[in-house]
1. When segment 134-176 is examined, which residues are found to be surrounded by 19 or more Cβ atoms within 10 Å (Cβ to Cβ) and within 13 Å of V86 (Cα to Cα)?
2. Among the residues of segment 78-94, is any in contact with a strand residue (DSSP E or B) (Cβ under 7 Å, 6 or more places away or on another chain), in a strand (DSSP E or B), within 29 Å of K227 (Cα to Cα) and among the aromatic types (F, W, Y)?
3. Suppose the filter is outside any loop (DSSP other than H, G, I, E, B), of a type in the set (G, A, S) and closer than 25 Å to G61 by Cβ; does A159 pass it?
4. Quick check: anything in segment 143-156 over 16 Å from the mean Cα position of the chain (by Cα), farther than 20 Å from I92 by Cα, in a helix (DSSP H, G or I) and touching a residue at least 12 places away in the same chain (Cβ under 8 Å)?
5. Among the residues in segment 191-213, are any surrounded by fewer than 17 Cβ atoms within 10 Å (Cβ to Cβ), aliphatic (A, V, I, L, M) and either at positive phi or not in a helix (DSSP H, G or I) (or both)?
6. Within segment 99-109, restricting attention to residues that are at pLDDT 95 or above and assigned to a helix (DSSP H, G or I), which residue is nearest to S81 (Cα to Cα)?
7. Somewhere in segment 79-96, is a residue buried (at least 17 other Cβ atoms within 10 Å of the Cβ), aromatic (F, W, Y) and within 26 Å of S162 (Cα to Cα)?
8. Quickly run through segment 65-77 and pick out the residues that are open to solvent by 30 Å² or more (accessible area, probe 1.4 Å) and either under 28 Å from I158 (Cβ atoms) or assigned to a strand (DSSP E or B) (or both).
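The values are calculated or read from the model by the stated rules, or taken from the named source; none is laboratory data. Because the structure is a prediction, the values reported are computed rather than measured. Using ideal geometry, Cβ is built from the backbone for each residue, glycine included, and neighbour counts are taken over all protein chains shown. Keep in mind that these areas ignore ligands, DNA and RNA; they rest on the heavy atoms of the full protein, side chains included. Shrake-Rupley method; radii C 1.70, N 1.55, O 1.52, S 1.80 Å.
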Amino acid sequence: MQLPIPSITKQKEIVKEYNVIQNRIALNQQLIQKLEETAQAIYREWFVEGADENWEAKSIGELCNLITDGKHGDCQNEINSGYYFVSVKDLINGDIFYDNVRQITKKDFEETHRRTDLKPGDILLTSSGTIGRMIIVKEVPKTNRTTLQKSVAILKPIAELSPSYYLFSLLNSEMKNIIELAGGSTIANLLLGDLKRYKIRYPGQPLIIKFEKLITPIFRNIELKNKENQKLTELKDLLLSKLATIEN
């Protein structure tokens, strides 16, 4: 049995390209981390260290039109149906990673979608299995054909009270305490009733609008770098496949 093996020269060229891509991914990851840290530092400065005791107490439930989870029970798989059933494992690096998302029947999708009605700007929060992984839903064609398993909660922010980047930053800042609601373990279960009742100091709309305006370019940059890394990862996988198929 003979296997196609590229020449040493060709192998070195591919490895060099691979390393360039890998280094770029690593550099982007460092930048993403710095941007995330910057966003949270601004949030802490404005709303934690700068908190005013006269600010109104509000619950997270009051800041959202809806807080619910995905389907309680299973769905029937249907390969290439184009209807997606997202679980904890599919939330990766700030986005839904669709490569391995289960695809289900249209009937099962429509049943669950009536509850979740996923829209851009919604926040997904893993609420069992691994608690605390979050993303802000992007405006992509697959969004309106995506629904959720029970392990993923959806929060629909009230835009005028709690726009997406503010609510995401708030949840991120309070995540340690939120995990405590689930018994202090990231592998426990978070009861959404507890999340809805969780109280925060609400600074009022003018300050939140100002914060959202300041923070938006940071989050957009994070989204761009995550998208770039997805494309680079695909290119890296393509180079690996070339090693196995290219001939001398």
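1. Answer for segment 134-176, where residues must be surrounded by 19 or more Cβ atoms within 10 Å (Cβ to Cβ) and within 13 Å of V86 (Cα to Cα): I135, V137, T146, T147, L148, Q149, S151, V152, A153, I154.
2. Scanning segment 78-94, I find at least one residue that is in contact with a strand residue (DSSP E or B) (Cβ under 7 Å, 6 or more places away or on another chain), in a strand (DSSP E or B), within 29 Å of K227 (Cα to Cα) and among the aromatic types (F, W, Y), so the answer is yes.
3. So A159 fails the test.
4. no
5. Yes, the conditions are met somewhere in segment 191-213.
6. Of everything passing the filter in segment 99-109, K106 is nearest to S81 (Cα to Cα).
7. Checking segment 79-96: not a single residue is buried (at least 17 other Cβ atoms within 10 Å of the Cβ), aromatic (F, W, Y) and within 26 Å of S162 (Cα to Cα).
8. Hits for segment 65-77 are N65, L66, H72, N77.
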